[in-house]
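S.K.: One structure follows; several queries about it will come next.
Here, each number is a calculation from the coordinates, and none is a lab measurement. Because the structure is a prediction, the values reported are computed rather than measured. Note that each Cβ is placed from the backbone with ideal geometry, even for glycine, and that neighbours are counted across all protein chains shown.
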Amino acid sequence: MEHSFWEERWQRGEIGFHQPHIHAQLQQFWPGLSLPKGSIVFVPLSGKTRDMVWLAEQGHKVIGAELSELAVRDFFKECGLTPAVTASGPFHVFEAGPYTIYQGDFFALPADALRGVAVCYDRAAMIALPPEMRPQYAEKLTSVLPPEAAIFVISIEYPEGEIKGPPFAVAQDEVRALYGKLYDIDVLEVRDGLAASDNLKKRGVTRLEEVAYLLRQQA
């Protein structure tokens, strides 16, 4: 999947994947992580998700990684913030308030950028990538996260072939294959997500499950 695919989607405003509301499973299960205020949360392929705002409201510092400069600038504009922008290797780093967003290619992100991260929150990264890219994504993510960091994942499953992703369906067996060698995987909930997914219903999806996972590195 080429960078231009996502850049063009943002430029044309084709961002049906962007959810204006806070994800219900984030609100339901996040308190159970019992993170102290000031903890750092990483959001890969962050877009301009309002989930980052909710995480900051819980007292966390938020680090994002996003390819589209337009998405990053929109996020800060919608937050009413004017970020400082600096260059760091192949990235432009946008910083304001509790937010630091690395604008550039996630696969070039250095581990130093995520020093001190307590939890990675992946709601829209893994499901944005086609099957052939997901092993590379999981390998990159686990190589740059601190060993002690947990991963909170929300994925989706729908009948194969009903739509052409993204978003892509990711089965529980695939999550275990991608992460099971390094992480203990706890399925927190499987819920019907179709009623809250007008965009996917319009595209022809007849059944949709949202699956929340908590991954903790094995001892």
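S.K.: How would E189, E57 line up from fewest to most surrounding beta-carbon atoms within 10 angstrom?
M.R.: Fewest to most other Cβ atoms nearby, the residues stand as E57, E189.
S.K.: Quick one: work out the % antiparallel among DSSP beta bridges in the chain, nearest 5.
M.R.: If we restrict to bridges inside the chain, about 60 percent are antiparallel.
S.K.: Sticking with this one: When a footprinting reagent is the concern and you count Cβ atoms within 10 Å, what order do H92, H23 take, fewest first?
M.R.: Ordered by Cβ neighbours within 10 Å, fewest first: H92, H23.
S.K.: Which value does Rg/Rh take for region 3-217 over its C-alpha atoms, Rh per Kirkwood?
M.R.: Using Cα coordinates only, the ratio equals 0.93.
S.K.: In addition: Arrange the following residues from fewest to most other Cβ atoms within 10 Å of their Cβ: K164, K77.
M.R.: With the fewest neighbours first, K164, K77 line up as K164, K77.
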